[in-house]
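Input: a single structure, listed below in structure tokens.
The values are calculated or read from the model by the stated rules, or taken from the named source; none is laboratory data. Remember, predicted model here, so these are calculated numbers, not experimental data. Note that each Cβ is placed from the backbone with ideal geometry, even for glycine, and that neighbours are counted across all protein chains shown. Note: areas computed on protein heavy atoms with side chains; ligands, DNA, RNA excluded. Shrake-Rupley method; radii C 1.70, N 1.55, O 1.52, S 1.80 Å.
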Amino acid sequence: MKPTASRQESPAPYLWLLAGTLLVCLFLFNILFFIFYRGFPALSFDFLIQYPTEGMTQGGILPAIVGTVLLTLMTAVVALPFGIGCAIYLNEYAQDTWLTRSIRAAIRNLAGVPSIIFGLFGLALFVQGLQFGTSLLSAGLTLGLLSLPYLITTTEEALKTVPNAMREGALALGATQFETIRDIVLPQAIPGIATGTILSLSRAAGETAPILFTGAAFFITDVPRNPKEEFMALPYHLYMLSTQHQSIELVRPFAYGTAAVLITLVFLLNLTAIIIRKRYRTHHQ
Amino acid sequence: MIQIKHLNLYFGTKQVLKTIDLEIAAHKVTALIGPSGCGKSTLLGTLNRMHDLTPDVRMEGEIRVDQIDVLSPQTNVHQLRKKVGMVFQKPNPFPKSIYENVAYGLKINGVAKGEIDEIVEDSLRKSYLFEEVKDKLHEPATRLSGGQQQRLCIARTIAVHPQIILMDEPCSALDPISTGKIEELIGELRKDYTIVIVTHNMQQAIRVSDYTVFMYLGEVVEFSSTEAIFQSPTKELTKNYVKGHFG
Amino acid sequence: MNKTKARVRINKLFRFLFQFSGLLCISILLGIFGMLCYNTIAFFTKISPIDFITATQWAPSSGGDTSTYGLLPLLVSTLLVTSGSMVLAIPLGIGTALFMSEYAGAGMKQWLKPTIEMLAAIPSVVIGFVGITIVSPLISALFGLPNGLNALNGSVLLAIMALPTIITISEDAIHAVPQSLKEASLGLGATYWQTLRGVVLPAAAPGIIAAVMLGMGRAIGETMTVLMATGNTLAFPKGFFDSIRTITATIAIEMGEVPYQTTHYYALFAIAFVLFIITMLVNILAEHIANRIRQFQ
């Protein structure tokens, strides 16, 4: 059935569904338009590279940008080895045993755990239990755990695209399974893994709830110099500016600016992922 | 060269190979023929333990390759596979350069860097590919034609100096001209290697092999010189199959 | 000879490392569960579970004897705002999925898919900010309220957050309905719309239900949007125009201020435990339904 034919036959449902779909799109465009329209006056080069001054009614958001970047890197350092390791185990080694079924069930359930509960876990385990304090380290570990399920799922999908014939070819030459994975499977799966990694990091970069009690700070005069220090982060900064500041109306332009920078950062990461995915596909066909 | 004694193989509860007894001679080409599902590819895969990858496989009996106890868990499977190379049904070159494809097996086996170039060239020559690719050794192997890719896979296999080469319907994905080249190559390789080839194509078995094993429903029905199998089969089943009555 | 031995050893080592990463996932989930259980039990040694479930007030005044820790107002708030969001998101989400799968041409789909992906990528704190700056003034103007920070606002925002999940998974389910079913219905003389309503939607129903459940799980556990846009009043909500305070918002607000290992501290883990169980049940149910369709196909 061609779309055009179905439209002519029953125009009313078509129009209703079209209106609903356009409404959903409108949400997105409205959000983007407002944030960038109102945030534009605040955006300037200085806004990006200056420290906040005068109780944050002047200056810029440099420490929040740097904090978010450092936090995201920390998240990557925590999540990547375990995420890729787990995906390799599930796709390359594991057979259908109760153990692998439990691992898969655990991953699916972890994906549904609310982010604030990850925050509590980070507080109890890293901040208090392991005495890392409220710090970049604790927050990075917390976000790392939060990113694992998505990272594992996307990495496993990337590994699945590598044909079995490649593995057989290497094994038949006498390569060990690890050598096969290292030399043949991973190099082919890397674009897919990179896409998944960037997407999961872009999610982590926008998270607020898990860092509320694990290390984000409202106002620090410097960027963190070591992982045991607290840090400022864009999402937390936006939350504080829009609800907790003494003179909320005065800092509203800064809140818009911060939101615009955060969205831009997240979209840039997503765009990178999409470009890698596209390029990889055309390259291989 | 290869001795198989009372080999039984099960996938789960299904018995796929039934008491196989075979002696495969060195420096000869032995063809495994039989209708689809008769177990010929499965039998081939036992010789370099490719079934380690398949879940739920159980084997009984004994296989010896040059005094190595193939099925013993103590046997180093990587050494075994170095000795018993394999060429697959569909060409499966790695997504690397032509050179890297042939060099890969040498690198993992720790061959000194200085020797690799020479072995790569030698292997490509032996598989009649060198003249066609000598100017593009560092281009991706995936740009080669199907027949060239299969010859590259053969070069990749002989680079690690195996004694035996297993071929699982190596021409089934190729056109007649490429098939002809591979068959010619097999004729050349028999001088240095013991070859076991699974084929669906009886004409091919006649053209390339010295001995032929006819299998049916997981059993060896008849094993003899290729000439005998096709000219004067002793079993009714073999006669019907080689005359094209079924399969 | 020795070289192969080393290779085999490395091979075993890495197999172990990869397996360890897998086991880590199980231990994280068990760790979260254990951590919540441990602290909840600590809470129940001080406050009886019956009081926790039946008390109608959440009024922790740290240290004093007058504190009550009633789950109900928080739970009702969470359920109210979530059900409101589902009322908005379910028809809109399924409608959009149906449109994308059955009506949109290839060119249009090429634009719609990234749009939905972008909507999913917007951080929740930004959605919450939008709740304060756009939705709230809109609600107060439309309904003549002094401010628009209430349950309705939260429901609208949660609907926006749940939409991408509902749309993507429903679309997959609708798309998976075999063409032959549609042809059979059209062949009997049904119109395209009758076919969609009578054949395609019922056939895709399990997948759509799973999609809705997953969207709902996301809405229940969402923190920042409800924290920023619902006013956070600690009272029993009577309707959508009341300001509310959900379980997630309560944890977010109070955890930063409570002293370590007090009754109040444990109380927050206890409500988190309730939240964990609810989202877990919703997800398991969704998965169960999704598995059942797989068996039919």
- Can you quote the Å³ per residue value for the convex hull of the Cα atoms in the protein assembly as shown, rounded to an integer? 215 Å³
- Note on the structure: The answer for chain C, counting only DSSP H helices whose Cα atoms cover 27 angstrom or more along the axis and whose Kyte-Doolittle average is -1.0 or greater, is C:2-44, C:72-98, C:151-175, C:201-221, C:263-296
- Task: Compute the relative contact order of the range C:79-229 as a whole-number percentage, counting only Cα pairs closer than 8 Å that sit 6 or more residues apart in sequence.
- Result: 38 percent
- Item | Computed label-point distance, nm, for sites B:VAL111 and C:THR191 using a 7 Å Cα→Cβ extension | 7.3 nm
- For chain C, what's the relative contact order in percent, using C-alpha pairs closer than 8 Å and at least 6 residues apart? 24 percent
- Inter-part distance where the range C:121-157 and the range C:23-98 are each reduced to a Cα centre, Å: 23 Å
- Item | Calculated FRET value between C:ILE53 and A:ASP222, using beta carbons and R₀ = 41 Å, to 0.05 | 0.30
- Query: Across bins of 5 angstrom width beginning at 0, how are the C-alpha pair distances of chain C distributed, in whole percent?
  - Reply: 1, 5, 9, 12, 13, 12, 12, 10, 8, 6, 5, 3, 2, 1, 0, 0, 0
- Would you mind estimating how fast the range A:226-285 diffuses translationally, via Stokes-Einstein at 37 °C and 0.692 mPa s with the Kirkwood radius over Cα pairs, in µm²/s? 234 µm²/s
- Message: Once the convex hull of the alpha carbons of the range A:100-206 is built, what does its volume come to per residue, in cubic angstrom?
- Response: 129 Å³
- Item | Average beta-carbon neighbours from other chains, 10 Å sphere, peptide A:79-85 | 3
- Task: Could you order B:LYS40, B:LYS90, C:LYS3, B:LYS126 so the one with the most accessible surface comes first? Probe is 1.4 Å.
- Result: B:LYS90, C:LYS3, B:LYS126, B:LYS40
- Apply the Kirkwood formula to the range C:64-109: the hydrodynamic radius equals the inverse of the mean of 1/r over all pairs of different alpha-carbon atoms; give it in Å with one decimal. 13.8 Å
- Query: In the range C:206-297, which trypsin sites (Lys or Arg not before Pro) fall in coil by DSSP and have 15 or fewer other Cβ atoms within 10 Å?
  - Reply: C:LYS238
- Task: Return the FRET efficiency for the residue pair B:GLU132, C:VAL87: r is the Cβ-Cβ distance, R0 is 60 Å, and the value is rounded to the nearest 0.05.
- Result: 0.30
- The ratio Rg/Rh over the Cα atoms of chain B, Rh being the Kirkwood inverse mean 1/r radius, stands at 0.97
- Message: Using just the Cα positions, wrap the range C:11-127 in a convex hull and report its mean projected area in square nanometres, one decimal place.
- Response: 14.4 nm²
- Message: Test of understanding: extend the Cα→C-beta vector of B:MET1 to 7 Å, then name every residue of the range B:194-223 with backbone N under 11 Å from that spot.
- Response: B:194-197, B:210-211
- Note on the structure: In terms of the alpha carbon gyration tensor, root eigenvalues a ≥ b ≥ c, rounded if a/c is under 1.5 and otherwise prolate when a/b exceeds b/c or oblate, chain A is oblate
- Note on the structure: Note to self: C-alpha centroids of the range B:209-247 and the range B:64-128 sit apart, in Å, by 32 Å
- Express the C-alpha Rg of the range C:88-209 as a ratio against the empirical globular expectation 2.2 N^0.38 Å, rounded to two decimals. 1.31
- Message: Checking the a/c ratio against 1.5 first, then a/b against b/c, what shape does the Cα gyration tensor give for the range B:78-137?
- Response: oblate
- Query: log10 I(q)/I(0), Debye, Cα-only the range B:137-217, no solvent, q = 0.16 Å⁻¹?
  - Reply: -0.63
- Item | 222 nm mean residue ellipticity, helices alone, for chain B (DSSP H n ≥ 4; -39,500 (n - 2.57); rounded to 500) | -10500 deg cm²/dmol
- Taking placed amide H atoms and a strict 5 Å upper bound, the residues 5 or more places from B:VAL221 or on another chain that come that close are B:PHE214, B:MET215, B:TYR216
- Note on the structure: One quarter of the C-alpha convex hull surface, i.e. the mean projected area of the range A:25-80 in nm², amounts to 5.8 nm²
- Relative contact order of chain A: what whole-number percent is it, with Cα pairs under 8 angstrom and at least 6 residues apart? 26 percent
- Using alpha carbon centers only, the range A:65-109 is separated from the range A:170-239 by a whole-angstrom value of 11 Å
- Can you list the residues, at least 5 places off or on another chain, whose amide H is less than 5 Å from the amide H of B:GLN15, using H built in the peptide plane? none
- Item | Angle in degrees between helix B:176-189 and the longest Cα principal axis of chain B, rounded to the nearest 10 | 90 degrees
